[in-house]
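Here it is, the structure, as structure tokens.
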Amino acid sequence: MTFGTYPYSEEIRLMLNSMNEQWRELTISLFQGKGEGAFSYIDWLRNSHYSCNEIIAHMDVLCKDTMFQELVLRKRKLEYHNEVTWEFYITYGITGYVEILPQGYQCWQCALLGLLYDWHNSDNKQHFPVYYPNNPLEKYYQSRGINLMMSNNYGLIDSENFEIKVSNCPKLYDKRFDTHVLLKHIPESLLSFLVDEQKRSAFKLALRPDYVICGDGIKDSQYISEAKICGDMQPLAIDSMPPLTWLCDDTTSLDRLIILHNKKTREITFEEFLVDPQIENDYIVSQVVHLIYTKERGKFFINHIDHEYVFYTAEEHSGKMDDLWLKGTARPRYKTYKIDDAQIPYRAYCDQNILYRTLDAYLTNKDMLKEYFESMINMSGDEQFYDN
């Protein structure tokens with residue numbers, strides 16, 4: 001059991017939600033150029049409609065729960081590497097925090113609520129938040145008579161009616177309302193490449209927006225060696241790729257780059273499996289890049305490409321090595337961007353090649369990637385794109 005899933009009382013949940021809403025409003029005001037500083041629990045106390053006596057009453061009820069006491073003491077032991085009793089902790093363990101609280105809120109219950117907020121957020125933090133209908137971004141546009149249709153688009157937003165702003169804090173500019181939509185999970189370098197590529201090769205581009213931080217007047221600010229197990233390295237003609245290529249990192253022998261090619265449907269997927277994968281909510285996370293290509297008059301074109309995070313249960317993850325076509329189903333896939341209806345030439349050089357640029361932007365093990373694309377990296381000249 002964690003703090004994020006603990007059955008708090010309804011009133012304490014309302015307090016936690018109130019703190020989150022203040023954080024959201026302050027963040028929006030910062031992007032609007034109105035706010036200063038950052039959210040803190042002390043700010044919330046000063047602006048909250050909750051009195052100290054109300055906080056004490058609700059926290060006292062929660063703290064009578066022996067399971068909650070065990071959670072708190074377990075957290076303290078992880079942070080300070082020593083064990084104390086509950087009585088010692090509330091008497092001496094958080095007195096330093098009590099002293100910095102505003103006048104009228106200097107008690108251990110108020111201090112513990114502040115720590116509880118931090119622990120609750122830490123346990124609930126999601127790098128890949130699940131798309132949910134009627135989120136603040138959709139509500140903002142619905143109030144203006146516009147349906148973003150994200151529920152039919154993997155939670156992505158079509159960039160068609162926006163101007164893409166490339167920076168270390170990428171955004172979409174909506175001149176209809178003179179505001180920006182924040183983007184997530186796309187590096188500045190890749191987004192810049194996609195914008196340039198879209199000018200050369202018209203296609204539909206959908207991107208992952210921030211669902212929470214939105215509103216009027218959001219400004220365009222910025223943030224103040226490998227062993228091949230099977231298959232061949234990247235061929236210059238992509239339709240000659242084998243059905244399966246499986247690369248293994250020399251240094252760990254456990255990092256994997258799995259490349260599947262369906263020649264009939266002309267689909268290719270790259271999936272990275274790491275010895276030390278990212279874990280979220282007991283799910284094991286991998287990254288997948290998927291593309292569909294065509295061949296016309298001896299030249300190759302990419303019609304579709306997307307990047308996504310895929311989530312495996314422990315059982316699915318261990319079974320992947322026996323069945324490389326197995327797909328993670330622990331939760332819906334999380335796309336960061338996708339391109340449809342494209343006719344992008346499959347260019348010969350890495351800095352011009354959308355597949356390589358996407359893989360290089362997201363995958364963790366760059367050495368395996370460079371090994372696979374060695375022939376492309378070593379090429380020189382000005383050839384536009386491969387022909388056969």
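Whose amide H sits under 5 Å from the amide H of K335, counting only residues 5 or more places off or on another chain, with H placed in the peptide plane?
Here Y309 satisfy the definition.
Just one of (1) 22.8; (2) 24.2; (3) 21.4 is Kirkwood radius over Cα pairs in Å calculated from these coordinates, so which is it?
Computed from the coordinates, Kirkwood radius over Cα pairs in Å corresponds to (2).
Where does each of S286, S192 land when they are ranked from fewest to most other beta-carbon atoms within 10 angstrom?
Numbers: S286 21, S192 15.
If I rank by nearby Cβ atoms, fewest first, I get S192, S286.
For segment 226-377, take the convex hull of the Cα atoms, compute a quarter of its surface area, and give me that in nm², please. Intermediate values should be presented prior to the final figure.
Working: hull surface 35.0 nm².
If I average the Cα hull's projected area over directions, I get 8.8 nm².
Here's another thing I want to ask about it. Taking the simple approach of a point 7 Å from Cα along Cα-to-Cβ for both A202 and D65, what is their distance in nm?
5.8
Assuming R0 = 30 Å, what is the FRET efficiency of S18 and K184, from their Cβ-Cβ distance, to the nearest 0.05?
Details: r = 25 Å, r/R0 = 0.83.
My answer for the efficiency is 0.75.
Assign unit charges at the C-beta atoms only (+1 for Lys and Arg, -1 for Asp and Glu), then state the dipole size of segment 78-224 relative to its Cα centre in Debye, rounded to the nearest 20.
740
In a solvent-free Debye calculation with one equal scatterer on each Cα, what is log10 I(q)/I(0) for segment 136-207 at q = 0.15, 0.21, 0.24 Å⁻¹, listed in the order of the q values?
-0.51, -0.99, -1.23
Follow-up question, since we're still on this one. Among all the lysines, which ones have a C-alpha under 19 Å from K64's C-alpha, if same-chain residues fewer than 8 places away are not counted?
Of all the lysines, those that pass the test against K64 - Cα under 19 Å, at least 8 places apart if same chain - are K75.
How large is the helix-only mean residue ellipticity at 222 nm for the chain, computed as the sum of -39500 (n - 2.57) over DSSP H runs with n ≥ 4, divided by its residue count, in deg cm²/dmol to the nearest 500?
-9500 deg cm²/dmol
Calculate, in nm to one decimal, what E54 and D118 gain on full extension: separation in residues at 0.36 nm each, minus their alpha carbon distance.
Working it through step by step, the gained length comes to 21.0 nm.
Calculate, in nm to one decimal, what N168 and E79 gain on full extension: separation in residues at 0.36 nm each, minus their alpha carbon distance.
So the extension gain works out to 28.7 nm.
Read-outs throughout are calculated quantities, based only on the coordinates presented, and are distinct from any laboratory measurement. Fair warning: this is a prediction, and the values are worked out from it, not measured in the lab. Backbone-built Cβ (ideal geometry, glycine too); neighbour counts: all protein chains shown.
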